[in-house]
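Engineer: Okay, handing you the structure first.
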Amino acid sequence: MSELFGLWLGALLTLGIFSFLYKDNPFYKFCEALFVGVSAGYYLVTSYWQIIVVKMIDVLQVGFDKMMVLGYFDFQNWLPVLGGIFGILMLLRLLPSIGWISRWSLALVVGTTAGLYFTAYLASNGMIPIKETIVPLELTYPKLFLAHTGSFLKDIPATIWCNFLNVLYTYGNWVVTLGTFCGLIYFFFSKEHKGVFGGVAKIGILFLMVTFGASFGYTVMSRMSLLIGRVDYLGTAFGEFFKLLK
Amino acid sequence: MRRDVPIVITAVVGVIFLLSYFTPHPPLNVLHNSASDIVMIIAAFSILLGVLNLIRVNLDKVSKKKRDWPFSIVLIAGFLIMTIVGLFFSKGRNFMEFGTNFRYLYDNVYNPLSSTMFSILAFFIASASYRAFRARNLEATLLLVAAFVVMLGRVPIGYYLSSWIPAGFRLGDVATWIMDFPQTAGQRAIMIGIALGVASTSIRIILGLERTYLGGE
Amino acid sequence: MNFLGKLLGIDRRIIFLFVGVAVALPLCFPEVNLKIEITDSVKKVYDIVESLPEGSKVLIAFDYDPGSMPELQPMAESFIRHCIRKKLKMIIMGLWPQGSVQANLALEKVLREKEFEDIKLQEGVDWVNLGYTAGNEVVIERMGSNIKAVFAADHKGVKLENLSLMRGVRNFSNIDFVYNLSAGYPGTQEWVQFAVDKFGAKLGAGNTAVQAPLVSPYYPKRLLGLLGGMKGAAEYEFLMGFPATGVKYMFSQSVAHAVVCLFIIVGNVAFFLNKKKKRQGR
Amino acid sequence: MAWKKSPDDGAGESNVTTYDILRSNQKDGLYVLIGGVTSGQEEFLDNSTKDGVKYYYKIKAMGKDGFSISSPSQAISSRAQWFDMNRIYIFIMSVILSCAILYFIFQAKAGKELFIRKIAGLDAVDDAVGRATEMGRKVIYIPGIHDMDDIQTIAGITILGRVAKLVAEYEAKLEVPVCRSMVMVACRETIKEAYLNAGRPDGYNDDMVHYLTDDQFAYAAACDGIFVRQKPAAIFLMGTFFAESLLLAETGNSVGAIQIAGTARPAQLPFFVAACDYTLIGEELFAASAYLSKDPKLLGSLKGQDIGKAVFILGILVGTILITFKILDIGFVFNIK
């Protein structure tokens, strides 16, 4: 029974969110408020159990045991203390007179981020794409074929099209190298986009537009499937409801 | 103390973590690996600040009977129920196991709300593409054509529309070509740019040139 | 305002309505049978399962969560259906915490189907569910030397030694086919890099539409077959001669895509006519 | 470590299927299984050692019908290094990049004029805030959904500093709903400082920034509610965004707000391009705060970035030519281990 109740509750909330598509209304406001409250609670609970308990208290416990039983100090197990101290400093915000101390925690977090991101991004976003872009370019003529069925006249459009696509695929790497080059030129800040430089930058923008269009079209499918899943869920819930009515 | 200590902390910590990438030697490697945990712990503590702010703002709405105040009661109630159930009535740290009260709320309240909000994207993606994909100029046309071809190339309609062409050259193959070549090129240019932007921002932060988030005296 | 102007600035709720109907209506007519072009990579998975002799052992890795159910659950169901038809032994596991739960849902659903009414399958003999283990690709790597070192017991806590199906299963060399359902990390990429490259497992996979192009370069050499998105799920059901959820969803998705495309076309036609009119008016 | 193949490897019936690697602290002690490889391989890398400790290894060849164990290896110990030689090239790249950026920062400090091209999205910031003032409606600023441990969030907050100063000067109204508690604290500090610099410290209050929830979709639901009910004149979306990008941008568009967005998440850029008036693409997000501040030191760092870009472009061109004519593959320089 509680399972069925849960299903209907979920279905009702689903409808509440969908109602926003028509316009803002009390039903949506209710769902929104509930969603914000419940999710804030969810994150509080998860942070407590999975971070404070697992990543701090448990680790410290092991460090403490190592010290007591094995008699040696394992640096790694005591690092969470650092997090704890700066976490508590953060909470000093609640006391207006010394709230400014929380800036120390912010400074620690921001410093860590700046240090780690510099190399991480240089590696994953800088070096690796460059390595992947360095590939041999095709220097030969493409193989053209006259007709795919034997009779050229019968299917001129198809043949032209096939050759066209064949050429596109043969010189694909040229497109990648050229596109990466022009795209990077677009990002130059300290040179005015004029003359030849401006022209190349313009081609760069065109490449970016194709990129955006393609990844937009690419995402449509997965978004549609999410909606299909939701609508099917609603269908199941209503199905159960009508079964009960009968 | 208010202004200079944070700048020193940022600079010192920044340099340590920058170097830790290149040094597999203790204690730097240990620090490098524990960095995300330390930050997570700080974030976990500070979540209390946000939650108290949320409660305060909404209590304020209720007490002053501001617009839509009844919904603030719903919000606070939702928060309290979820928190109390999760902390005290759901098998402690195994709170997400099947059969716990917390899990029940997660599956039947949180999850439907979350996945519905996610699925609304299907509607928005349709209205955004109707409005944005118009052949106003060359750039908009390329955006439109690329989106259109990739969208069609990935479902059976694309196959029906181009079934007169021999296999290997159909709409789906054009879509693949766009994804594999020009799309890859654009992505790479963006990614490399980002790497440089991040590097420069990091250096500005470490040098203390960007410090608005630390406030003034 | 004239008609064209109205059309260009159409209330987006009308578009919402069309999309909603396009998605919901096809779901109400599951009988409609779309003709589906079968992709080679899907046929490969089907052929491999067809070629396995009765009693072969198949490992099914469920690496996704409910977020990807619409795409991957139909794939899981039809693969399990195929295994039961061919009387194969199924070893189920998950690298995602929710994976083995999804597996149970799929298994329960298939076992309730009419086709299998008379078949009594026994857990531990005909299938086992090893549950979830944390560790991502390291789990795969360690399974390569000894599965029992990674999974001591199944999801109900029964020791592996006491499961007759697991007797004689030491590592990938005792498994005839591995099928991975993946929605991201860890998933097919990790299975290819560890199970296939290091231990020579035979791997087929089903991926979400977003993931599929990322792993398609592995096909056909390192990845023997691949199902991509709802289309892949529908194709497999088609091959099985058992159109079910996948075909139904696929139909819905096609109509929805068509509606979005039609709107784009209408928008552009209206845009150009309007521009022409304005030019004439001037 | 390496060994010789078993004679049975690849030979008929009693084929070796796998090699198990066993390890111990003592030569005759208890050996524990630490990993394995399939037949045909002769190498194994042990990543689980403690530095300075001596280890002994044995190889166990597993066949279908049984196994055989090798005699113990020589004592081996591993040792930590102060510099990871695998990362030498990225180190060099880091040094070049840092030097270029620092050099131009100092040049700018010394008073050298630097040219920076126009960035349309940022030139529109003024208009957007001005419009909000005229209409008497709010400016809403969303600094993404990640925490302070993401550099995009930090970039978003530094841009907030510049926008908040404008808002203070124009005496418009600003609201910043946030998704993370630390971001809330940082945003408050930022806005307070901006109001102070604009000479309007009394215009600031803490309630301009308020926390909603950590959850991405609940946050999006609440922000959509705020958009629809408050009908802001301008919306800024700057930082890390995931799927909620379009939920926010499309609702913002429907209420007629001027929207300026920026993110370095390539997957979300198309949605901002489709639904917002202006979009800062990737690197432009990181350049925005320097651009808006017009501070020569910050602008200098942009010039330094361009030097890095030139080096990368050169690397790609030279590398491609060399590999096309089969002279040399310099890919290893950019390899990351």
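The values are calculated or read from the model by the stated rules, or taken from the named source; none is laboratory data. Keep in mind it's a predicted model, so treat the numbers as computed, not measured. No Cβ is skipped: glycine too gets one built from the backbone with ideal geometry, and neighbour counts run over all protein chains shown.
Engineer: Hand me the list of helices (runs of 4 or more DSSP H) wholly inside the range A:1-113 holding 2 or more residues that are without any contact (Cβ under 8 Å) to a residue 24 or more places away in the chain and under 26 Å from D:A186 (Cβ atoms).
Structural biologist: A:26-46, A:80-91
Engineer: Sticking with this structure for a sec: Which of the residues belonging to the range D:131-149 are among the small types (G, A, S) and more than 18 Å from D:I191 (Cα to Cα)? I'd like the intermediate steps shown before the answer.
Structural biologist: Start the filter on the range D:131-149 by keeping residues that are among the small types (G, A, S), which leaves D:132, D:136, D:144.
D:G136 - this is the single residue of the range D:131-149 that is among the small types (G, A, S) and more than 18 Å from D:I191 (Cα to Cα).
Engineer: Then there is this: Exactly one of (1) part of a helix (DSSP H, G or I); (2) in contact with a Lys or Arg (Cβ under 8 Å, 6 or more places away or on another chain); (3) not hydrophobic (A, V, I, L, M, F, W, C) is unmet by D:D127. Its number?
Structural biologist: For D:D127, the failing item is (2).
Engineer: Can you name the helices (runs of 4 or more DSSP H) wholly within the range A:131-246 that have at least 1 residues being over 30 Å from D:F312 (Cβ atoms)?
Structural biologist: A:156-170, A:195-245
Engineer: Now for a different question. Go through the range D:206-241 and give me each residue that's part of a loop (DSSP other than H, G, I, E, B) and touching a helix residue (DSSP H, G or I) at 6+ places or on another chain (Cβ under 6 Å).
Structural biologist: Taking the range D:206-241 first, the residues part of a loop (DSSP other than H, G, I, E, B) are D:212-215, D:231-233, D:239-241.
Answer for the range D:206-241, where residues must be part of a loop (DSSP other than H, G, I, E, B) and touching a helix residue (DSSP H, G or I) at 6+ places or on another chain (Cβ under 6 Å): D:L212, D:T213, D:D214, D:D215, D:A233, D:G239, D:T240.
Engineer: Of everything in the range A:76-101 that's within 24 Å of A:V54 (Cα to Cα) and of a type outside the set (A, V, I, L, M, F, W, C), which residue is farthest from the other protein chains (Cβ to nearest Cβ)?
Structural biologist: For the range A:76-101, the residue satisfying everything is A:N77.
Engineer: From the list C:N174, C:N136, C:N146, C:N162, exactly one residue is at pLDDT 90 or above and out of contact with any Cys (no Cβ under 8 Å at 6 or more places or on another chain). Which is it? Steps first, please.
Structural biologist: Working: C:N136 fails: at pLDDT 90 or above; C:N146 fails: at pLDDT 90 or above; C:N162 fails: at pLDDT 90 or above.
The unique qualifying residue is C:N174.
Residue-by-condition table, conditions (1) surrounded by fewer than 24 Cβ atoms within 10 Å (Cβ to Cβ); (2) at the interface with chain A (Cβ under 7 Å from one of its Cβ atoms); (3) in contact (Cβ under 8 Å) with a residue 40 or more places away in the chain:
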| residue | (1), (2), (3) |
| --- | --- |
| B:S119 | no, yes, no |
| B:L142 | yes, yes, no |
| B:P156 | yes, no, no |
| B:S163 | yes, no, no |
| B:P182 | no, yes, no |
| B:I206 | no, yes, yes |
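Engineer: Of the numbered conditions (1) touching a helix residue (DSSP H, G or I) at 6+ places or on another chain (Cβ under 7 Å); (2) part of a helix (DSSP H, G or I); (3) farther than 21 Å from D:Y219 by Cα, B:N108 fails exactly one; give the number of that condition.
Structural biologist: So B:N108 meets the others, but not (3).
Engineer: How many of the residues in the range D:309-326 are buried (at least 22 other Cβ atoms within 10 Å of the Cβ) and small (G, A, S)?
Structural biologist: Number satisfying all stated conditions: 1.
Engineer: Still on this structure: Which of the following residues is over 32 Å from the mean Cα position of the chain (by Cα) and either more than 21 Å from D:F286 (Cβ to Cβ) or modelled with pLDDT of 95 or more (or both): A:I205, A:I156? Spell out how you get there, then give the answer.
Structural biologist: Numbers: A:I205 fails: over 32 Å from the mean Cα position of the chain (by Cα).
Residue meeting the stated conditions: A:I156.
Engineer: Among D:A172, D:A155, D:A75, which is the only one that is surrounded by fewer than 19 Cβ atoms within 10 Å (Cβ to Cβ) and touching a strand residue (DSSP E or B) at 6+ places or on another chain (Cβ under 9 Å)?
Structural biologist: On the way: D:A172 fails: surrounded by fewer than 19 Cβ atoms within 10 Å (Cβ to Cβ); D:A155 fails: surrounded by fewer than 19 Cβ atoms within 10 Å (Cβ to Cβ).
On inspection, the qualifying residue turns out to be D:A75.
Engineer: I would also like to ask the following. So if I check each of B:I41, B:I76, B:I84, which one is outside any loop (DSSP other than H, G, I, E, B), at the interface with chain A (Cβ under 8 Å from one of its Cβ atoms) and more than 30 Å from A:L122 (Cα to Cα)?
Structural biologist: Details: B:I41 fails: more than 30 Å from A:L122 (Cα to Cα); B:I84 fails: at the interface with chain A (Cβ under 8 Å from one of its Cβ atoms).
Result: B:I76 is the single residue among B:I41, B:I76, B:I84 that is outside any loop (DSSP other than H, G, I, E, B), at the interface with chain A (Cβ under 8 Å from one of its Cβ atoms) and more than 30 Å from A:L122 (Cα to Cα).
Engineer: Residue by residue through the range B:87-103, note down the ones that are surrounded by fewer than 18 Cβ atoms within 10 Å (Cβ to Cβ) and in a helix (DSSP H, G or I).
Structural biologist: Correct list: B:L87, B:F88, B:G92, B:R93, B:N94, B:N101.
Engineer: Need the failing condition index for D:E244 against (1) touching a strand residue (DSSP E or B) at 6+ places or on another chain (Cβ under 9 Å); (2) more than 30 Å from A:T177 (Cα to Cα), just the number.
Structural biologist: Against the list (1) touching a strand residue (DSSP E or B) at 6+ places or on another chain (Cβ under 9 Å); (2) more than 30 Å from A:T177 (Cα to Cα), D:E244 comes up short only on (1).
Engineer: Restricting the search to the range D:248-272, which residues are hydrophobic (A, V, I, L, M, F, W, C), buried (at least 24 other Cβ atoms within 10 Å of the Cβ) and within 20 Å of A:S215 (Cα to Cα)?
Structural biologist: Those that are hydrophobic (A, V, I, L, M, F, W, C), buried (at least 24 other Cβ atoms within 10 Å of the Cβ) and within 20 Å of A:S215 (Cα to Cα): D:L248, D:A249, D:A261, D:A264, D:L269, D:F271, D:F272.
Engineer: Continuing with this model, one more query. What's the number of the only condition in (1) in a helix (DSSP H, G or I); (2) hydrophobic (A, V, I, L, M, F, W, C); (3) more than 9 Å from chain B (Cβ to nearest Cβ) that D:A261 fails to meet?
Structural biologist: Of the numbered conditions (1) in a helix (DSSP H, G or I); (2) hydrophobic (A, V, I, L, M, F, W, C); (3) more than 9 Å from chain B (Cβ to nearest Cβ), the odd one out for D:A261 is (1).
Engineer: Could you please find all residues in the range C:144-155 being surrounded by fewer than 18 Cβ atoms within 10 Å (Cβ to Cβ) and either more than 22 Å from C:N104 (Cα to Cα) or within 12 Å of another protein chain (Cβ to nearest Cβ) (or both)?
Structural biologist: C:N146, C:K148, C:A149
Engineer: Moving to a separate point now. Hey, A:G71 hits all of (1) of a type in the set (G, A, S); (2) more than 9 Å from every other protein chain (Cβ to nearest Cβ); (3) surrounded by 20 or more Cβ atoms within 10 Å (Cβ to Cβ) but one; which does it fall short on?
Structural biologist: Only one criterion is unmet by A:G71, namely (3).
Engineer: If you don't mind, there's one more thing I want to ask. Before we move on, is B:F133 under 29 Å from A:G217 (Cα atoms), of a type in the set (F, W, Y), touching a helix residue (DSSP H, G or I) at 6+ places or on another chain (Cβ under 7 Å) and facing another protein chain (nearest Cβ under 8 Å)?
Structural biologist: yes
Engineer: Restricting to the range D:310-328, name every residue that is within 8 Å of chain A (Cβ to nearest Cβ) and either under 12 Å from A:M127 (Cα atoms) or touching a Pro at 6+ places or on another chain (Cβ under 9 Å) (or both).
Structural biologist: Matches in the range D:310-328: D:F312, D:I313, D:G315, D:I316, D:T320, D:I323, D:T324, D:K326.
Engineer: Just one of B:V62, B:V5, B:V30 is part of a helix (DSSP H, G or I), more than 7 Å from chain A (Cβ to nearest Cβ) and either touching a residue at least 60 places away in the same chain (Cβ under 8 Å) or surrounded by fewer than 21 Cβ atoms within 10 Å (Cβ to Cβ) (or both); which is it?
Structural biologist: The conditions single out B:V62.
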